[in-house]
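K.L.:
Questions regarding the structure given below will be posed in turn.
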Amino acid sequence: MKLWGGRFQKATDLMVDDFHSSIRFDRRLYRQDIHGSIAHANMLGQCNVISTEESELIQKTLAAILKDIEAGEIEFEVDAEDIHMNIEKILIDRIGETGKKLHTGRSRNDQVALDIRMYLKEEIHTIYHMLIQLQEVLLTLSQNHTETIMPGYTHLQKAQPVTLAHHLMAYFQMFRRDMERLQDCYKRTNVMPLGSGALAGTTYPFDRNLVAKELGFDDITQNSLDGVSDRDFAIELLSGLSIAMMHLSRFCEELILWSSHEFSFVEMDDAYSTGSSIMPQKKNPDVAELIRGKTGRVYGAMMALLTTMKALPLAYNKDMQEDKEAIFDAVDTVKLCLPVFTKMIETIKVNKEKMYQGTQGGFTNATDVADYLVKKGLPFREAHEVVGKMVLYCVNHQKSLDALTLEEYRRCSPVFEDDVYTAISLEQCVEDRDLPGGPAKKAVLNAIEKGKQYIEAVK
Ligand code: ARG
């Protein structure tokens, strides 16, 4: 017999039972569901909607059910549809009439909204801390590589010299914004919907704030229709997670390139690489590739939920049951990727020589030659033109800018002097870029220090 069976004269088709049952995936909300129900039962007692004895019996039994679920002693039934009715049914099986009072003034619509919010609050917290661990590794790595010169790229063409620390700290900034997005979306998740009922609130004298307080929510939802039909907080989280995965994926893409024979900037630790079943020489960056690949799943989850929600009239619609698999999959994926990524970069071997060599020979100091001329009085556009011609000359003569003789320099512009060589050394090119946000050691150390302070403050 269904908990809602009163109005029906016929049993549901078995195929339909199976079709609309969500217990297969929403079973993972059992803990949130029970804690929510305990808080609800407590409030029903406090507000004299049920007696104190009844409230206590319900709470005690729910706690026992929780234990039994955790001990693996409970089998959920497809027939009972979802986690909410499964637990309620077990409660009624155990304490009969009293158990039937739990659902007073509550609907599965506000119940499920509560459960997802509780679940996501925990997951946001977990993911946030995984990001902190990643950030700490980035800070340590950066600290060790403030003098490791490497080419900076635009269009994947060598552009100007930077340092590995500067490059890594760029990712620190991205992940910092990801952390802020999580914090921000947490605020809107941390709002308690119970008391919204099915859609129009309830006639009982509930104390919604009491429930919110007991469950650790900062506030209560302000409109019952919105309370049951809002999934913005989940969409926000999926957007934030998509952006974080996009950052991870870009990083992975670079590591894949950098570990190729052609670059040889880094080598992944054996523990974070895999081989080929046919080619004995292969050491592949599969971990990085898989993270890059999994990014698509998280984007997919975000698009799926946005699309599910886009034409739903207020308030609850069964379509919304589709939110859970998308949410769970995205959260699981991110939680799978972050720790393995963190370990992978923590153990990476950096080939400083290759990075340095990679910076040479690609005219990465051409801008600095132009800047040299500007300091000697030429307008920048003119200097750009002069150096452009010099680069062409170098290309034709297979030389680098720093290999030109002073005579060759002078032929291009009479203002060149002997000091040009130090001015355009790769080390100098980096060191001169010492504005806040620049790659000079001084600026990067400053950024690292600020990063450390931020992490210490949010830890
Ligand atoms: N299993 C449902 C869900 O996940 C719970 C709410 C169902 N409410 C209803 N009136 N059918 O959305």
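K.L.:
Size of segment 226-286 along its principal axes in angstrom, Cα-based, largest extent first?
P.N.:
Here the Cα extents, ordered largest to smallest, are 59, 24, 16 Å.
K.L.:
Alpha carbons only, please: Rg and Dmax for segment 118-220, in angstrom.
P.N.:
Just the Cα atoms of segment 118-220 yield Rg and Dmax of 22.2, 69 Å.
K.L.:
Over all directions, what mean area does the Cα convex hull of the chain project, stated in square nanometres? Could the numbers behind the result be given before it?
P.N.:
On the way: hull surface 119.6 nm².
Quarter of the Cα hull surface area: 29.9 nm².
K.L.:
Let me ask something additional. Can you give the angle from 0 to 90° between the axis of helix 83-95 and the longest principal axis of the chain, with both taken from C-alpha atoms, to the nearest 10?
P.N.:
It is inclined by approximately 40 degrees.
K.L.:
Run through all the Cα pairs of segment 347-410 and give the fraction in each 5 Å bin from 0, expressed as whole percent.
P.N.:
It works out to 4, 17, 23, 21, 14, 9, 6, 4, 3, 0, in whole percents.
K.L.:
Working from Cα positions, state the angle (0 to 90°, nearest 10) between the long axis of helix 366-375 and the longest principal axis of the chain.
P.N.:
Between helix and principal axis, roughly 70 degrees.
K.L.:
Using helices alone, what [θ] at 222 nm do you get for the chain, with -39,500 (n - 2.57) per DSSP H run of 4 or more residues, divided over all residues and rounded to the nearest 500? Write out the running numbers ahead of the final one.
P.N.:
Numbers: 19 runs with 282 residues, N = 459.
The helix contribution divided over the chain gives -20000 deg cm²/dmol.
K.L.:
Oh, and also: Work out the charge dipole of the chain with +1 on the Cβ of Lys and Arg and -1 on the Cβ of Asp and Glu about the Cα centre, then indicate which of ASN42, PHE328, PRO379 is farthest towards its positive end.
P.N.:
PRO379
K.L.:
Using the 10 angstrom Cβ neighbour count as an exposure proxy, how do TRP4, TRP258 rank, fewest first?
P.N.:
Numbers: TRP4 10, TRP258 23.
Fewest to most other Cβ atoms nearby, the residues stand as TRP4, TRP258.
K.L.:
What whole number of Å gives the distance from the Cα centroid of segment 319-356 to the Cα centroid of segment 59-97?
P.N.:
Segment 59-97 and segment 319-356 have Cα centres spaced 35 Å from each other.
K.L.:
Something else now. Would you mind estimating how fast segment 47-160 diffuses translationally, via Stokes-Einstein at 10 °C and 1.306 mPa s with the Kirkwood radius over Cα pairs, in µm²/s?
P.N.:
Details: Rh = 19.0 Å.
Value of D from the Cα-based Kirkwood radius: 84 µm²/s.
K.L.:
GluC sites (Glu not before Pro), restricted to segment 384-459: which are DSSP loop and have at most 13 other Cβ atoms within 10 Å? Show your work: numbers first, answer last.
P.N.:
On the way: sites: GLU385, GLU407, GLU408, GLU417, GLU427, GLU431, GLU449, GLU456; in loops: GLU417.
Answer in residue order: GLU417.
K.L.:
Pick out, from VAL340, ALA200, TYR421, the residue whose Cα sits farthest towards the positive end of the charge dipole of the chain, with +1 on the Cβ of Lys and Arg and -1 on the Cβ of Asp and Glu.
P.N.:
TYR421
K.L.:
Could you give the angle, 0 to 90 degrees to the nearest 10, between helix 164-189's Cα long axis and the longest principal axis of the Cα atoms of the chain?
P.N.:
Orientation of helix 164-189: about 20 degrees from the principal axis.
K.L.:
Still on this structure, please answer the following. Beyond 19 Å between alpha-carbons counts as too far, so tell me which of LYS2/LYS101; LYS335/LYS452; LYS158/LYS352; LYS121/LYS213; LYS121/LYS324; LYS60/LYS101 fall in that bin.
P.N.:
Working: LYS2/LYS101 16 Å; LYS335/LYS452 23 Å; LYS158/LYS352 17 Å; LYS121/LYS213 15 Å; LYS121/LYS324 14 Å; LYS60/LYS101 14 Å.
Violating the 19 Å limit, Cα to Cα: LYS335/LYS452.
Every number here is computed from the coordinates shown, using simple stated rules; none is lab data. Bear in mind the structure is a predicted one, so any value in this text is a computation, not a measurement. Here the Cβ is made from the backbone with ideal geometry for all residues, glycine too, and neighbour counts use every protein chain on show.
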